[in-house]
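Have a look at the structure below, then the notes.
Since every read-out is calculated from the coordinates, none of them should be taken as a lab result. These figures come from a predicted structure and were not determined experimentally. For neighbour counting, all protein chains shown are included, and Cβ atoms are generated from backbone atoms with ideal geometry for every residue, glycine included.
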2 protein chains.
Amino acid sequence: MKYASWTNDLRQSFLGEILKTASYTETISFAGGLPAQELFPNQELKECFNQVFEEDGPIALQYAEARGYEPLRQWIYDRINTRSKLKTTSEIIITTGSQQGLSLVAQTFLDPGDIVLVESPTYLGALQAFQGYRPRFVMVPCDEEGIIPEELAEILTKCQPKYLYVIPNYQNPTGRQLSLARRLEIIEIARRFNLLILEDNPYGELRFEGEALPDLRDLYENVIYLGSFSKILSPGLRVGFLVADQKTVSYIERAKEGVDLFSNNLTQRAVYKYITSRNFKEHILKLRKVYCERRDTMLQAFKDYLGSDVQVETPKGGLFIWAKILKTKDSLEFLNYAQAEKVIYVPGTFFYPDGRRSNEMRINYSCSSPEVIEEGIKRLGRAVERI
Amino acid sequence: MKYASWTNDLRQSFLGEILKTASYTETISFAGGLPAQELFPNQELKECFNQVFEEDGPIALQYAEARGYEPLRQWIYDRINTRSKLKTTSEIIITTGSQQGLSLVAQTFLDPGDIVLVESPTYLGALQAFQGYRPRFVMVPCDEEGIIPEELAEILTKCQPKYLYVIPNYQNPTGRQLSLARRLEIIEIARRFNLLILEDNPYGELRFEGEALPDLRDLYENVIYLGSFSKILSPGLRVGFLVADQKTVSYIERAKEGVDLFSNNLTQRAVYKYITSRNFKEHILKLRKVYCERRDTMLQAFKDYLGSDVQVETPKGGLFIWAKILKTKDSLEFLNYAQAEKVIYVPGTFFYPDGRRSNEMRINYSCSSPEVIEEGIKRLGRAVERI
């Protein structure tokens, strides 16, 4: 068989491997980006599915429109429209998780060879989503405040990208938040170069400290925004959404029809039922509290078991800590030591489109109990001693 | 904004319009391809979702593997392996409806400009799925027995397509079944030219008469096979599957990770629960019986109300009748008359990649009661009188 050309340059599917580790038992996995499953509102969601079956059973099981369940779109419209100026729900489309949003945007905007700007490092799954459309990635250098504006401006004098992909809040993999000053600077530059921004915000609600910062879409009109229920309700349900101007949404809708016709209709209705009839706000507050405790446990464990062998950034929200093991130059190689001690993480290399090696790693704290976090970091400390 | 080049040559999204008509009340729509929603096993599915919540709640709501829920893959493996020789479940992947299977195959095989062979006419949604990857379509002439082997052989001497897309059973839009003799001839030709076949079989189980014919994948190794629960259980749940050799499935899995990570995990488990603990076989027998009655009602109504003004093919299964209105040359124009009488169908033009006009139409009988079918065809008769 003769496959499409993109299949020639596939790197190992590490993301898939990560998801598999969810089911390992002996090894402690800090590799996944999983929410804590003991916090899923299992009973309430069950009741919501029951209600949908009872009230709308047949129609919830039928074909539906690509754009998504209208009341859910209306809810999203009301919720995100506090700061900005959407005109109608036709600027919103429901997606099969926000991962599908990434893929649909790529399909709608990219011809082979087009340039996409990404944060350096960036979300592995976004690279996978975009790769199917064969763009060239240009990495925008970042520091602890996010994208460095001068670097972005410099890059834009040299090339004309289709869009800049950015996760402003508690970024995957670094946990970093783009500061307000940086947001304003970046928007100013984007405006100057008429740059389309793809803003991905799955973690924004998981804020542990400080005030919520304005979304880029509140500050600039040339933004496609992706949201998701995966981190704040359940990823297994695959419900996300995309917000853009009407024309873009109409193209995205067309693309979505070709891709999967529409997203699970029953589930959209059950999610709507949950968020409108249960205490969703309280649920999110609970997630924040538990994840913040886990973050603190992990930070403390790093101090206790690795001390000056590690350099750790403190995320203000989200699911991840970005750490550098100072005694190694290559966190992919170091993974062998870690695995020998039965603990895993994602080496930094996978978050760079150029595959550069470094001593960085992404460590997840959301889906492990404090005890497991402590034990896992202890093992990581032993792994460092093996070097 | 600058969109990808495929957006330049979009035809009207008729498929989306069709799905919308599902909610019209005054107009009788024979345009959709909807299953009868009064036949969905609503109560039983509700119980199955409940069971999944009770038994596996948290894990069903969590991230999962791109390839799909293993017991469901195993069930598919056992079911389709009666005639053929799958070696492992790694030759199967669950998709978000078989529409996603179409899109993933296109992504995995097509570079821009590659040739795809399609039946003439063919499923509109497949054209939409493939179009995102900008192939050139070559139409293979068909008659009432399906693809004409001589025409296929002739085409293959002139070009090297990436694959042939075919719906062998109760085709969409024609309702035709590829005869056994034709299957054997086509396979012989495919073998000679080393042609990959993409076999789409959403309607195969909806057989009203005759014996089941062997799938192309039972007769030939170079086949990617798509199956779906949309027509035999519920389309709103978006569960389909793809069967291919391991290497192809591994590429498809990679593509799927980028596209939506994995299919709704809760739903896969509930579908598995339903098909293994309820009387799925009896449910399918019931669908066959009801749809067969509706087909007969529609055929009779055509005789009664249109007589010699129409030429109708009798499908042996599935959801559609393919009809030619003899008093018009263009069923798209005739749609204006039909709409004036408050009845709609899909004009043939939408099923031809070259958009050719003809007097053909696709008429769906599965989702209307016998009374509505009779009334709708009566209206169609009145529309013909308006010509």
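Let me check I've understood the local charge: for B:Gln43, count other residues with C-beta under 13 angstrom from its C-beta, Lys and Arg +1, Asp and Glu -1. What total comes out?
Taking every Cβ under 13 Å from that of B:Gln43, the sum is -2.
From the phi angles alone, apply the Karplus equation (6.51, -1.76, 1.60; θ = phi - 60°) to segment A:353-362 and give each ³J(HN,Hα) in whole Hz, x where the residue is Gly or Pro.
x, 8, x, 4, 8, 7, 9, 8, 8, 9
Looking at A:Leu213, A:Ile197, A:Ser103, which one has the Cα that reaches farthest to the positive end of the dipole of segment A:42-277 (charges on Cβ: Lys, Arg +1; Asp, Glu -1)?
A:Ser103
Could you please report the charge total around B:Leu287, scoring K, R as +1 and D, E as -1 over all other residues with beta-carbon less than 9 angstrom from its beta-carbon?
Net local charge, B:Leu287 excluded: +3.
Need one number: % antiparallel among DSSP beta bridges in the protein assembly as shown, to the nearest 5.
55
Counting other Cβ atoms within 10 Å of each Cβ, which trypsin sites (Lys or Arg not before Pro) in segment B:20-121 have at most 11 and sit in a DSSP loop?
Here the trypsin sites (Lys or Arg not before Pro) that fit, given the DSSP loop and packing criteria, are B:Arg83, B:Lys85, B:Lys87.
For n ≥ 4 DSSP H runs only, could you compute -39500 (n - 2.57) per run for the protein assembly as shown, divide by its residues and tell me the 222 nm figure to the nearest 500?
Computed mean residue ellipticity for the protein assembly as shown: -13500 deg cm²/dmol.
What is the calculated FRET efficiency for A:Gln160 to B:Ile115, with r their C-beta to C-beta distance and R₀ = 41 Å, to the nearest 0.05?
Calculated value: 0.80.
If we count GluC sites (Glu not before Pro) as exposed when they sit in a DSSP loop and have at most 16 other beta carbons within 10 Å, what is the longest stretch of chain B that avoids them all?
The longest such stretch corresponds to B:27-143.
Ignore the peptide's own chain and count Cβ atoms of other chains within 10 Å of each Cβ in B:26-39; give me the average, rounded.
Mean inter-chain Cβ contacts per residue within 10 Å come to 1.
Tell me, what HN-Hα J-couplings in whole Hz come from the Karplus equation 6.51 cos²θ - 1.76 cosθ + 1.60 at θ = phi - 60° for each residue of segment A:207-216, using x for Gly and Pro?
9, 8, 8, x, 8, 5, 8, x, 5, 4
Skipping prolines and chain starts, which residues have an amide H placed within reach, meaning under 5 Å, of the one on A:Ile115, given they are 5 or more residues away or on another chain?
A:Arg136, A:Lys162
Name the long-range amide H neighbours of B:Ala4: under 5 Å, sequence gap of 5 or more, or other chain; modelled H, no Pro or chain starts.
A:Phe109, A:Leu110
Report the relative contact order of chain B, percent, no decimals, based on alpha-carbon pairs under 8 angstrom and at least 6 residues apart.
Once divided by the residue count of chain B, the mean separation gives 23 percent.
Report the extension gain between A:Glu44 and A:Asn279 in nm, rounded to one decimal, defined as 0.36 nm multiplied by the number of residues separating them, less their alpha carbon distance.
Length gained, A:Glu44 through A:Asn279: 83.6 nm.
Scan around B:Ile224 for amide H atoms under 5 Å from its own, H built in the peptide plane at 1.01 Å from N, and keep only partners 5 or more places away or cross-chain.
B:Ile197, B:Leu198, B:Glu199
Checking the a/c ratio against 1.5 first, then a/b against b/c, what shape does the Cα gyration tensor give for chain A?
oblate
Taking A:Glu38 in one copy and the same position in all the others, each labelled 7 Å out along Cα→Cβ, what are the pairwise distances from the first, in nm, shortest first?
The projected label point of A:Glu38 is separated from its counterparts by 5.0 nm.
Have a look at A:Phe130, B:Ser228, B:Val312 and report the one farthest towards the positive end of the charge dipole of the protein assembly as shown, computed about the Cα centre with Cβ charges (Lys/Arg +1, Asp/Glu -1).
The Cα lying farthest towards the positive end belongs to A:Phe130.
Between beta-carbons, use under 11 Å as the cut-off and find the net charge around B:Leu110, counting Lys and Arg +1, Asp and Glu -1.
+2
Give the percent of DSSP beta bridges with both residues in chain A that are antiparallel, rounded to the nearest 5.
55
Over segment A:77-166, what is the relative contact order in percent, taking alpha-carbon pairs closer than 8 angstrom and at least six residues apart?
Averaging sequence separation for qualifying contacts and normalising by length gives 30 percent for segment A:77-166.
What FRET efficiency comes out for the pair B:Lys329/A:Glu151, r = Cβ-Cβ distance, R0 = 51 Å, nearest 0.05?
Given R0 = 51 Å and the Cβ-Cβ separation, E is 0.25.
Given the pairs A:Lys46/B:Lys286; A:Lys162/A:Lys286; B:Lys87/B:Lys316; A:Lys46/A:Lys281; B:Lys158/B:Lys329, which are separated by over 27 angstrom at their Cα positions?
In this structure, A:Lys46/B:Lys286; A:Lys162/A:Lys286; B:Lys87/B:Lys316; B:Lys158/B:Lys329 lie more than 27 Å apart at Cα.
Determine ³J(HN,Hα), in whole Hz, for all residues of segment A:184-201 in sequence, where each value follows from phi through the Karplus function 6.51 cos²θ - 1.76 cosθ + 1.60 and θ = phi - 60°; x replaces Gly and Pro.
5, 5, 5, 5, 4, 5, 4, 4, 4, 9, 6, 8, 6, 10, 9, 9, 10, 10
Using the 10 angstrom Cβ neighbour count as an exposure proxy, how do A:Leu213, B:Leu285, A:Leu45 rank, fewest first?
Neighbour counts put them in this order, fewest first: B:Leu285, A:Leu213, A:Leu45.
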